[in-house]
Amino acid sequence: MAWDHERPHKKPTQLGSDEAWRRELEAFGYRPDLERMPTQRAVALDELSVQDVASRALDRCAAATSTWTVHDIQEHVSHLVTEAGVRADPTPLRELTILATHLARANCLSVLPPDVPHPEHVAHLTSVHVIDVETRLRDLLAVRAERPQQHTPVVSHIARLLHRPASLAPN
């Protein structure tokens, strides 16, 4: 088709046989007997729980950072839908992504004061779980800071040995 569509310079002067093409492909490493990965079963939109997608998207946001944007949530929702193997028309797929993003957003708090603007590009959303974990961590660090100074052994030489390239490691 490329030859017929205003690209006569693409037409080879000699057409080879199928066997010649196979030999050339095999010379570059192609093997027809390679084990193939099984294809993922296509999932319909109805098989996906919007609430589960929204919840997992928030989990991923929280695992990545303490605060996030609506766009971060939407990105995680899109990845989760893709990972699930959903196959659907663009409009219902877009609607599912918007719905899951809105559900996840409804479970977020803003770290910004209520009387200031909340720009979309500023990561200001978080969750009660993230606040709880960070509060417990802060409290643990405060308790540890109040303890008398304990001698901490120097283990940097062990770290250097462990990260030394194999060629330099002692036998």
- Message: Could you list, ordered by first residue, the pairs with Cβ atoms under 7 Å in which the first is in region 124-151 and over 28 Å from Arg60 (Cα atoms) and of a type outside the set (Gly, Ala, Ser) and the second is assigned to a helix (DSSP H, G or I) and at pLDDT 85 or above, at least 6 apart or interchain?
- Response: none
- Message: Between a residue in region 61-88 that is within 13 Å of Leu48 (Cα to Cα) and in contact (Cβ under 8 Å) with a residue 24 or more places away in the chain and any residue that is small (Gly, Ala, Ser) and surrounded by fewer than 17 Cβ atoms within 10 Å (Cβ to Cβ), which pairs come within a Cβ distance under 9 Å, given they are 6 or more apart or on different chains?
- Response: Gly85/Ala42; Val86/Ala42; Val86/Ala44; Arg87/Ala42; Arg87/Ala44; Ala88/Ala44
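Look at Ile131 and say whether it is more than 20 Å from the chain's Cα centre (by Cα), surrounded by 13 or more Cβ atoms within 10 Å (Cβ to Cβ) and not in a loop (DSSP other than H, G, I, E, B). Before you say what the answer is, go through the steps one by one.
Details: more than 20 Å from the chain's Cα centre (by Cα): yes; surrounded by 13 or more Cβ atoms within 10 Å (Cβ to Cβ): yes; not in a loop (DSSP other than H, G, I, E, B): yes.
Taking the combined requirement at face value, the residue satisfies it.
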- Task: Answer yes if at least one residue in region 68-78 is within 19 Å of the chain's Cα centre (by Cα), crowded, with 16+ Cβ neighbours inside 10 Å, more than 25 Å from Asp132 (Cα to Cα) and not charged (D, E, K, R), and no otherwise.
- Result: yes
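Across region 42-67, which residue is farthest from the chain's Cα centre (by Cα) among those that are part of a helix (DSSP H, G or I) and closer than 14 Å to Val128 by Cα? Before the answer, list the steps.
Step one: of region 42-67, the residues part of a helix (DSSP H, G or I) are 45-47, 50-64.
Subsequent filtering for residues that are closer than 14 Å to Val128 by Cα retains 55, 58-59, 61-63.
On the way: Ser55: 15, Leu58: 13, Asp59: 12, Cys61: 10, Ala62: 13, Ala63: 11 Å.
Result: Ser55.
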- Given (1) surrounded by 10 or more Cβ atoms within 10 Å (Cβ to Cβ); (2) farther than 30 Å from Glu75 by Cα; (3) under 31 Å from the mean Cα position of the chain (by Cα); (4) among the aliphatic types (A, V, I, L, M), index of the condition Ala123 fails: (2)
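Condition check: part of a helix (DSSP H, G or I) and modelled with pLDDT under 95. Does Leu168 satisfy that? Steps first, please.
Values: part of a helix (DSSP H, G or I): no; modelled with pLDDT under 95: yes.
Taking the combined requirement at face value, the residue does not satisfy it.
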- Residues of region 68-110 that turn out to be modelled with pLDDT of 95 or more and assigned to a loop (DSSP other than H, G, I, E, B), as a count: 3
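The values are calculated or read from the model by the stated rules, or taken from the named source; none is laboratory data. These numbers come from a predicted model, not from an experiment. Positions of Cβ are backbone-derived with ideal geometry, glycine not excepted, and every protein chain shown enters the neighbour counts.
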